[in-house]
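Structure, as structure tokens:
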Amino acid sequence: MDFYGLATTCQPLNSKRLPSSSPGCIPGVYDENSRSTDLTDLKSLTLRGPDSIFGLLSRTGVPNLTQLTLCHLVDTDRDDTKLTSEWTLDLLKHSSPPISLLELDKLPINHLAYKHILASLPLLETFSIHKSGVSEVSFQTSNRPNGLCPSLKRLDLKCCLDLVRGLFNVHDFGTIRQSMLEYEQEVEYIDRQIENYNRTIQQLLRRKEQRLADILRCKEKLTLANRLPIEILIQIFEQYILDDLLDKSSLKRGPLTVSHVCSRWRQASSDPMLWSHIHSDILITRRAAFSLINMWLSRSRDKPLTIELALSRLTSPIYPTTRAILEEISRWRHLRLKSRILWSLNDFLSACTDPAPQLRTIDIEVVEGVDPGSTEEEMLGLQEVFAGSPHIHTISITHCVLPNPMSLPVSVTHLSLKLPSQALPVSQQSILRMVSLLEQLPKLETLLIEVPLSHHTDFLLDAEDHHPVDLLNLTSLTLSGPGNIFGLLPRIKVPSLNHLVLSGSMETTVNQNTGEWLFHLLQESSPPISHLALVDLTIDDTMYIRLFASLPFLETLGVHDSEISDTAFQRLYGPNNLCPLLKRIDLRWCRKLSGAAIVDMIRGRSAEYRGSADSSTLSTPISEVTIIHCGLVSEGNISKLEELTNCRCRRHKYDDMCSQSFKPSSVLKRMLTQSRLPDRWRCCGSG
């Protein structure tokens, strides 16, 4: 409450207010004749003003007061005002209030009066003094046992100039120094103990590491790799090194890798078969190339060698490392050569003068092209170079010029020809030269001729007058490229052909006669084709029907990026249906083929639909169908297909390119690593 604007009382709900005026009391002037007032419910009292306002303290009874705040609003240098001290002591003496909080702000009370005031406040917990004459004399007794203010918890001193530092320290300097010495000695002792414990901890950590290593060794002994017989481990390492034997991106140094793992693996890596692979990185990426190649050759002992060389000036026959490899030509089994220019290749081949009786496969790649009409830049004939190699069965050549017709060994059974274009706008190859080359290879079983994507190489149709070449043993044929590459089909006879892949190019127009050429091949050879893939070819429905009629043994059909429609597809079911043995169908980007026609075809060939028809006219049910990006196939059609057969479908996602579905490189991989194609062949990999 406000008392004449000079005194303020902060009180709880049950506190009383002092009257704003009393008889005989002038605001701000003390009247000793005014009568005393008992405020028994008052809890908090605040007085702010000059000296005379504090006269209220001696005329007021506050037995329950807990908070007292006295603020002198006029600055004064006096510290011996007896009246203020006496009035305050009268309040504390006559009322004996349980004050726990006392705040004195600029109050003119000397240090002895402070001492008497504190002695009257046994329950004081918080004491705040601002700009006061209090000194250490006032507190000499408060910090001793049974001294003043035993309950004091918080002391707030502001601008008390007479109060010196170290007020509450009653010990003398000698005692302090002795305590410091004892503490320092104890710290030194603790440091020594810590050092001893650290040494013990380090010893325990080293023992722990040793035991963890022992545990790891025990676990290694329990692993399957360590429980396997050493012979099986060697076979696993051989598979690691031999895997993807002719994959050009694989330059493995397997024996060095496995020999650095553990002693057991090092023992297994001593098998000579693991050291029988010589790569270009061994020759040119290390300073000690000669000693390294000698280590490889010596550790391989008498095992057949696989040689992979990137030909350059560093692999010229004049270098010791290359001569060391040439001296082991009798052990060569697989040879892969890659050269930037044809000259380096011919230089190396001309140095292969000794027989290579164990040679089985040759893979050659020349990066830069030459003029196909130039005879000065033709590759040396492999039949002449390796005349002493009667067992060569697989040859792969990547070069912009077809090999000379008489240049390949007659023993070849698997041939791959990749014909990248030259720097000229359009490169041309000769169908006649190709036919002449195949005429010299009567034992051929698999043939791949490919023009890589984005390469513009066309073929001259100059073999119309040449009689067809009989390839009686050919079972797999892959032709991939633009233009007239399929003009080869009517120039060959393949009565044993089982797998046929024809892939055009999206970048160039395919000859309109492709369907006729394929039909001619089927009519003249009557091959038992069971797997057929047609990619990006210009064939109409009428020709599709004629082709299907010529394929009685067809089991797997792949049609990609085609104009085939329901008209041709309907001939695959119903009475007198074509391709009665068809089991698997792969359709991609067939824009005119409806989902209803596919569903009707699969349902028409199912056992439930055929009922009790004559078994001689029955067709094989479709066991698997793949449909990707066929615009007329709806979700309803897909649901029906899932009920009829194994179905793989993808719609409205343009992340699958037909030209990537039949990668000739994947066919080449099978050709070069197997003596025959697998029994089951799919048009697409994972779908």
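Evaluation of H399 against the conditions (1) in contact with a strand residue (DSSP E or B) (Cβ under 6 Å, 6 or more places away or on another chain); (2) at pLDDT 90 or above shows that the sole unmet condition is (2). Whether a residue is in contact with a Phe, Trp or Tyr (Cβ under 6 Å, 6 or more places away or on another chain), in contact (Cβ under 8 Å) with a residue 24 or more places away in the chain and on the phi < 0 side of the Ramachandran plot was assessed, and V451 does not pass this test.
Regarding segment 613-626, can at least one residue be identified that is assigned to a loop (DSSP other than H, G, I, E, B), under 14 Å from Y573 (Cα atoms), of a type in the set (G, A, S) and at pLDDT below 85? Scanning segment 613-626 turns up at least one residue that is assigned to a loop (DSSP other than H, G, I, E, B), under 14 Å from Y573 (Cα atoms), of a type in the set (G, A, S) and at pLDDT below 85. Tell me, which residue of segment 167-225 that is more than 26 Å from V261 (Cα to Cα) and hydroxyl-bearing (S, T, Y) is modelled with the lowest pLDDT? The extreme case among them is T175.
Examine segment 255-268 for a residue that is in a loop (DSSP other than H, G, I, E, B) and either at pLDDT below 75 or touching a Pro at 6+ places or on another chain (Cβ under 8 Å) (or both), and state whether such a residue exists. Looking for residues that are in a loop (DSSP other than H, G, I, E, B) and either at pLDDT below 75 or touching a Pro at 6+ places or on another chain (Cβ under 8 Å) (or both), one finds none in segment 255-268, hence no. Here segment 226-250 is the region considered, the condition is being modelled with pLDDT of 75 or more and farther than 30 Å from I362 by Cβ, and the residue that is nearest to the chain's Cα centre (by Cα) is L233.
Tell me which residues, restricted to segment 451-461, are over 14 Å from N511 (Cβ atoms) and modelled with pLDDT of 75 or more. Matches in segment 451-461: P452 only. Being at pLDDT below 95, in contact with a helix residue (DSSP H, G or I) (Cβ under 6 Å, 6 or more places away or on another chain) and either assigned to a loop (DSSP other than H, G, I, E, B) or of a type in the set (A, V, I, L, M, F, W, C) (or both) is a property that does not hold for A423. The set of residues from segment 558-581 being touching a strand residue (DSSP E or B) at 6+ places or on another chain (Cβ under 6 Å) and either surrounded by fewer than 23 Cβ atoms within 10 Å (Cβ to Cβ) or not β-branched (V, I, T) (or both) comprises G558, H560.
The values are calculated or read from the model by the stated rules, or taken from the named source; none is laboratory data. Being a predicted model, the structure only gives us computed values, none of them experimental. So basically every Cβ, Gly included, is an ideal-geometry build from the backbone, and we count neighbours across all protein chains shown.
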